[in-house]
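K.L.:
For reference, the structure I am asking about is given below.
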Amino acid sequence: MSRLIYLFISIITKLHAKFLSINDNHGLDLTDKQLHFLIIGMFGFAMLVVIQPIFRWLAKHHAELLITFLYVFTIVVVVSFAIEIGQAYTGTGDMDFYDIASGLLGFFVFFGIYLIGYIIWNALKSKTTA
């Protein structure tokens, strides 16, 4: 787990240095906060431009449950990583990738149980209205 985090940190550090180099070499004189504003802002906006049409298509095809799943899964991943990083930082536990994998598996199992109930409920509902 820590190797994965350090790899991610290494990639981010190299990108950060590259952006600072571009800033310095082109005389832009932007502060670190201004660079964060621009880079993270553009990254987030680019993701929005790509993901929003996908979600619109999914909504048009009555895939609200899939949209909800993707949103919640994203939050579960972020929270799981935050917990592991917090444990490593505070010394209250070991930072372990398998803890994250175990938590995500739990989410998949509970979602699977819900999905089975959801499918059965919709099947029964459509039989009664037909």
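K.L.:
Report every pair of residues separated by at least 6 positions or lying on different chains whose Cβ atoms are under 8 Å apart, first residue within segment 33-51 and free of Cβ contacts under 8 Å to residues at least 12 places away in the same chain, second surrounded by 11 or more Cβ atoms within 10 Å (Cβ to Cβ).
P.N.:
Matching pairs, first to second residue: 38/30.
K.L.:
Could you count how many residues in segment 20-35 are assigned to a helix (DSSP H, G or I) and exposed (fewer than 10 other Cβ atoms within 10 Å of the Cβ)?
P.N.:
Qualifying residue count for the region: 2.
K.L.:
Take the residues in segment 73-90 that are exposed (fewer than 12 other Cβ atoms within 10 Å of the Cβ) and over 13 Å from residue 101 (Cα atoms), then tell me which one is farthest from the chain's Cα centre (by Cα).
P.N.:
90
K.L.:
While we're on this one: Anything in segment 60-72 that is surrounded by fewer than 14 Cβ atoms within 10 Å (Cβ to Cβ) and closer than 23 Å to residue 107 by Cα? List them, or say none.
P.N.:
Matches in segment 60-72: 62, 64, 66, 68, 71, 72.
Here, each number is a calculation from the coordinates, and none is a lab measurement. Because the structure is a prediction, the values reported are computed rather than measured. No Cβ is skipped: glycine too gets one built from the backbone with ideal geometry, and neighbour counts run over all protein chains shown.
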